[in-house]
Structure formats: C-alpha cells, structure tokens
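What follows is a single structure, written as structure tokens, with notes after it.
The values are calculated or read from the model by the stated rules, or taken from the named source; none is laboratory data. Computed from a predicted model, the values in this text were never measured in an experiment. Please note: Cβ atoms are built from the backbone with ideal geometry, for glycine as well, and neighbour counts cover all protein chains shown. Heavy atoms of the whole protein, side chains included, go into the accessibility calculation; ligands, DNA and RNA do not. Shrake-Rupley method; radii C 1.70, N 1.55, O 1.52, S 1.80 Å.
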2 protein chains.
Amino acid sequence: MNEGATRGIAILGSTGSIGTQALEVVLAHPDRFRVELLTCGQNADLLIEQARTFRPNTVVIAEEGLRERVADALFPLGIKVFCGSDAIEQSVAMEDIDMVLTAMVGFAGLRPTMAAIEAGKHIALANKETLVVAGALVTEAARDQGVNIYPVDSEHSAIFQCMAGEWDNAIEKIWLTASGGPFRKLDRDALRYVTRKQALDHPNWSMGAKITIDSASLMNKGLEAIEAMWLFALAPEQVDIIVHPQSIVHSLVQFEDGSIKAQLGLPDMKLPIQYALGYPERLPTAGERFDFMRYPSLTFEAPDLARFPNLGLALEAMRRGGNAPCVLNAANEVAVAAFLADRLGFLEMSDVVAKCLEALPFKSTMTLEDLEDCDRETRRIAHEYTTVAAWPRART
Amino acid sequence: MNEGATRGIAILGSTGSIGTQALEVVLAHPDRFRVELLTCGQNADLLIEQARTFRPNTVVIAEEGLRERVADALFPLGIKVFCGSDAIEQSVAMEDIDMVLTAMVGFAGLRPTMAAIEAGKHIALANKETLVVAGALVTEAARDQGVNIYPVDSEHSAIFQCMAGEWDNAIEKIWLTASGGPFRKLDRDALRYVTRKQALDHPNWSMGAKITIDSASLMNKGLEAIEAMWLFALAPEQVDIIVHPQSIVHSLVQFEDGSIKAQLGLPDMKLPIQYALGYPERLPTAGERFDFMRYPSLTFEAPDLARFPNLGLALEAMRRGGNAPCVLNAANEVAVAAFLADRLGFLEMSDVVAKCLEALPFKSTMTLEDLEDCDRETRRIAHEYTTVAAWPRART
C-alpha cells in the first residue's frame, strides 16, 4: 500500500454498525481515504444516501429486487450499480481498491473475503466467521498473496496494536478480555429463564442482535478466541480468556520475557476500525479520553464455563480444529435465531451446539466447498434440534 | 549495533543493584553479550569476583587506594585495571564496546554518560540524574552522535516498550505509575515522624538506600517525570503521575487517537535491564509469570501533593526547566543524606529542597560546567539548611 496517498477502501456491509462507523472515519479523514466500493444486503435507502455522500466507483446490493431502485438513484451520478453476491466477489478485485473492510454478518462474509484476498487486497477483517470457519484456508491464501489481515474487533485490534514493533518477538500467550455480558452474576437457574429482551439490553454499546446474544452467552468470546488463534498464528493453549467487567483493557499479550503489553481505552468501536484502515498511522481524534479517576479499579475474574457452556464449547472446538469451529458457528447461528424467535431458551442454545458437535463427523482438513457443505448440513441438523427443542415447555 | 553478533557491554557501577542484575542477564545469555568493561566505586572484592567470571577487557575502580588490590588479583588474567573517574570516562570509548549501561548512583553518572555518548556508544540508562540534571545537553549530544538511549527504569522501560513500532505516532500523554510507597496512607502528622528504618523498609523490592527514601517521599517519581520528559521529548503537561499500589502496570502511553498502551508484569528490575541490553529482541526468561487470579483488582488513585510535597516540587522544577531540576536533585541528595543520618525529618527534606529552589537564581540554559557549579552551590546551601534544621527539636 502506498503510505503517502489516499487509500482506496471497499466496505462490504456498509449499512451495518461497523460499515456506518467506518464511513464516519472516512468522513473525518478525507485526505487519507477514498471510498471505491460499498456493498450491502438490502438497506437500499441507506446505501443510496452513503453513495451520494462518498461517491464510490461502484455499489452492490445483494438483494436482486432492489437493484433498480438503487440504479435509478445512482446512475445519474456515474456510480456503477450491481446486484447479487457474485457481483460483490467480482467488484472487490477492482484495481483502485487497496483495502477491503469485510463487515458482512455471518458465514456469508467468507466468499467475498476470499475473493478479496485472491485479488491481492489487504483485509480489514470485521467478519469473525471468516477466520472461525475457514482460518486455515484464509490465512494460507493471505500468506500466498502477501496480503495483510488487519483486525477490526476491539480485542484483536488490541493484540495487534500491542504487536506493533514486536513482529520478530514470539508471543507466549494472549488474554482476550470479556465484559462478562449482562448476565455475569446470574446463576444457572436464572440463566435458564433469560429472555430475548434481557439479552438484547447490552450495557456497553449497541451492536447487531446476533452479536449481542453471542456476547451475553460468551459464545462471542469463544469465536474471538478461534479468530485470534488464526490471526496471530497461536496454538489453542496460548489463548486465554479473562473477564473484565469495566471493558477498559481491551486485551493483552505476553512475550517470552514475561513482559505483558495491553491496549486500553474507553469502549469505542471506531478506534479499531480507524486503526485498521489507517495502519500503521494513528489518526488524531478529538473524542472523550480515558480517565483513571472514573475507573479507579480495574477488575479481573476467570470465566465460569459451567454457567456459560458456549464458551467451553468454543474452546473445545478450537482445540479440535478441522471442521469443529465450522459446526460450532453454524449451529450457534441457528440456535441464536431460534432464541431470538422465542423458540429456544438461553442455555438451550448451548445444547443445540453441543448436539451438533457430536452429530457431525469430524474432518481435519476442509476445502471451501467442504466448509460450505459442513455449514449447510450443520444448519439442517440444528434446525431439527431447535424445532423439537423444549424451550416453551421448560418454563412449566 | 550489529544485531546478529554478541553485543559488547560496559557496565558503569557493576557492583550495585542494577549492575549485578545486569551481569545475571549476561550470564543467562552468553551468546548475546560479552562484557568489555566493569567499573565500580569501592567494592573491590565484588569487582574482582565479577571480573574473574566475566573476563572483561578492562576494569576501573574509582577509589585510588584500592587499585593495587584489584590489579594484583586481575593482572594475571590479562585484565587491564585503572582507577579514578577520569579512567572511567576514557575507558567507555573502547572500540569493542557497543552499549554502556550507566548504573552509577547520583550526579557522578553524568560525565561518564556524556563521555560514552561522545564516543558514539548506545546508552542503557539507569542513572536518573543524567537526564534530570542535564536532559537538554544529553539528548542533544545523543541526537548529534546518532546514539540511542534505552531506559532501564521500569517505568521508562514500560513507556519505551509501548512505543515499539509507534515511533512515527505522536504521544498525547503518558502516565508514570507510582506504588505510592510505604506511607501512601499516612497523614501529614504521621509522615512528619517517619523514621529512617520505616522508610528503608520498602515492600516491593530491595534497592539502594537513596532511591528507597526517594520512593517513599515520591521524589523518585518526580525525578522519573523529568527523566521521561527528556527521554520521550515531551512537554511537562504531557507527563502525568498515577498511584497504583499493586505495581503491576508499569506505565502507560496515550496516542493521538485516544488509544492507550500499557506494559504490565510482576515487579522485576531484571526485565527492563534485559530489554534495554537486548533491544529490540526479547530474550526468553523462565521466571514467574503474572497471574490475574493473584491480582483480581488493579487500583489507581491521584497522588496527594499536599502529603508528598517532594512530588509537587519536582513537577514544578520540570515546568520551570533550566537549572531548576539540577537544584532539585542536588538539594534532595543532601536532604536524603541528612535524613539517613537522622539529622532531618521526613517532611523536612521537602523544606530543604523548596528553600534551595528559592535561593538559587534561575538560569534557563546551562553548560556541563554550569551544571556542575550549580550542583556544587546547591549542595553548599542545602548543607547549611540541613545543619541548622530542626529535626531533633521537631519531636519536642
């Protein structure tokens, strides 16, 4: 990447929480970035508004039926408009794109991310599933193409920030910090009857529904552990989780001399987005600063795998490797959807994941097509489990 | 410095606390370091023992009367033996020396450090006074000679470790952490009657008497603030102090994007020594590791300048600049010596420093000779104040 000139950015999933914040970063630093490509699923109105402001070369809307509306609005501005997921995979290869921010939700982010890597684009990775499901394939492709993967998750960004200047020094271990979620202090019986509404009421920041549920069940932290293992080329036993309710220390790295580096600050998704887009330069911001007087005590505790079985399942899938994280992820997506539809209890999400991990035969190496098969088959089985699940009956 | 080969090390003050720990680092990594020069004040027996183990090219003992004893012991091994402080300044220029660790105590460290810089040697700086007293001269000389100054103090090492990979990113502010010392919770009346014995009983590690008293009075943290200002080219208002009784977070840096990096670990002087000697490589160690379960809460509080006036005086001297830090340092050295001789009360040390800062006329720029004059004159005045001081009477 040319460090001096503006950086050409593609944002996959521009209308979501990460995408809109990324555009705020671009807006604040017009001398550093130019938007080349915006894609979204179906929020045509917001996509049109964004395109009018940022004047990308191209936009893609996944939902075919919305293409005409977007095209009518943007053709007069000379902006190319495509639709469908194939168009996303093709557009990321555009020559003027230096970096692709992958902020699509779920398994759907995998193919476009792989397409961007194959096209030699650096990746700002906000799509967890890409590395959780296909870490081996994705990191190998990135190595082959000389592509850097910059993390956007605040925990991984913290590790990445701590690794600056230390690339030749081996990591001994990392700690990913976890807020513990809104149910950190509930016992197992209370967790059983947690409602969708309670779970969506996350204290620290607003995210999508899926990730909010994953945060509450600690599955999110388990997925982050798997992601971190691939991102930083670690063994499973080098990845530790520590609950830190204040969410000020965003994660820590320990080196082979015993020295630990941590990245801290007020919770703010924009900082890691900006760090990934601008790396290695830190762009000045005028936001609120951390003040020790408001956080006189930073506390840490071990996560309780008995009360949060999702975390234990994720760590087990990390240790197993192969298709286990793919099964874990697919089963969890189905389970969360069922919980959000009031068809499954909070702890029963873990039962569905555990059953799928038992049901699907283990495979140690996987092609992209194998992973898609595994994902599909897991979802089929998980749907069965959630359909017969006992949630409404559990209350009685 | 040639990163591959062994690094030729000179240790000024090899028989002190830092010097002996530095030699332990060398002993653990014989493939990385070779000792070229050892110097000490008057501990001839230990110097002889160290020279027998590490076989330096040259040793220097400052105390003239001890030269013969050292020479008799080491000539048979082919080790050159010199005496006197001029010999130290000359020996640091030896060709095979890559890095000079300045672990001498007090103002006496300044001239040899300057001599090493003039000879183009990188500096591992354990002598606080060098930068406190002569920060402008020393950093200018280092810039001119293309010499790096690697901090050995754990707080400055923490900042330095956090700066790795960030040299092009501006620091917004730093926090130096302070344990608060053994008297963190005493009120002013109790502080007045603190005894030498109480002050020398530091909880976290054993250091020399002078620095132990400075730690208890927070003067040490004030000197560290001035040192940090020069080391990292900061303005006085960018240097903040935060009391952190667990001494786990060794200091923190905030960048212009609001992101904070901290270095943490169990209190251990050897890590920063090793980091400075081995930079940028982190050498593996097998020591005890930090465990969150033993430190579930890390706490932070503002320092109380009313109870610890030494810190306020140091920060004021930092803001004034010029000869003020030189006066502060010299007055404090005399005051601490008087306290250690039971001739001055704990809080009266600050009175002596404050009086000297008032008595000496302000000078904005200073040569090395000016600084030595200022140091001498301050000591003379401080001696007067400590001689007439009211400590024994204060009890009545």
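Details
- Test: residue in segment B:65-87 that is β-branched (Val, Ile, Thr), closer than 26 Å to B:Glu155 by Cβ and crowded, with 22+ Cβ neighbours inside 10 Å: no
- On the stretch given as segment B:257-279, residues that are of a type outside the set (Ser, Thr, Tyr), more than 7 Å from chain A (Cβ to nearest Cβ) and open to solvent by 10 Å² or more (accessible area, probe 1.4 Å) total 5.
- Any hit, segment A:158-179, residues being more than 12 Å from chain B (Cβ to nearest Cβ), open to solvent by 20 Å² or more (accessible area, probe 1.4 Å), closer than 20 Å to A:Asp240 by Cα and in contact with a Ser or Thr (Cβ under 8 Å, 6 or more places away or on another chain): yes
- Criterion (of a type in the set (Lys, Arg), farther than 18 Å from B:Leu218 by Cβ and touching a residue at least 24 places away in the same chain (Cβ under 8 Å)) met by exactly one of B:Lys128, B:Lys173: B:Lys173
- Residue count, segment B:202-245 (criterion: assigned to a loop (DSSP other than H, G, I, E, B), buried (at least 17 other Cβ atoms within 10 Å of the Cβ) and at pLDDT 95 or above): 5
- Per the listing A:Glu281, A:Glu288, the residue uniquely outside the structural domain of A:Leu218 (by TED's automatic domain parsing) and closer than 13 Å to B:Gln254 by Cβ is A:Glu288.
- The single condition from (1) open to solvent by 60 Å² or more (accessible area, probe 1.4 Å); (2) at pLDDT below 95; (3) part of a helix (DSSP H, G or I) that A:Thr396 fails is (3).
- Which numbered condition A:Phe107 fails, given (1) of a type in the set (Phe, Trp, Tyr); (2) open to solvent by 60 Å² or more (accessible area, probe 1.4 Å); (3) within 21 Å of A:Ile273 (Cα to Cα): (2)
- Within segment A:304-325, being open to solvent by 30 Å² or more (accessible area, probe 1.4 Å) and either within 25 Å of B:Tyr295 (Cα to Cα) or of a type in the set (Lys, Arg) (or both) holds for A:Asp304, A:Leu305, A:Ala306, A:Arg307, A:Arg319, A:Arg320.
- Condition check for A:Ala216: of a type outside the set (Asp, Glu) and under 27 Å from A:Glu369 (Cα atoms): no
- Residue count, segment A:280-296 (criterion: in contact (Cβ under 8 Å) with a residue 12 or more places away in the chain and open to solvent by 20 Å² or more (accessible area, probe 1.4 Å)): 7
- Selection within segment A:280-290 - of a type outside the set (D, E, K, R) and either under 23 Å from A:Asn148 (Cβ atoms) or facing chain B (nearest Cβ under 7 Å) (or both): A:Pro280, A:Leu283, A:Pro284, A:Thr285, A:Gly287, A:Phe290
- Listed here are the helices (runs of 4 or more DSSP H) enclosed by segment A:284-385 that have at least 1 residues being over 24 Å from the mean Cα position of the chain (by Cα): A:348-359.
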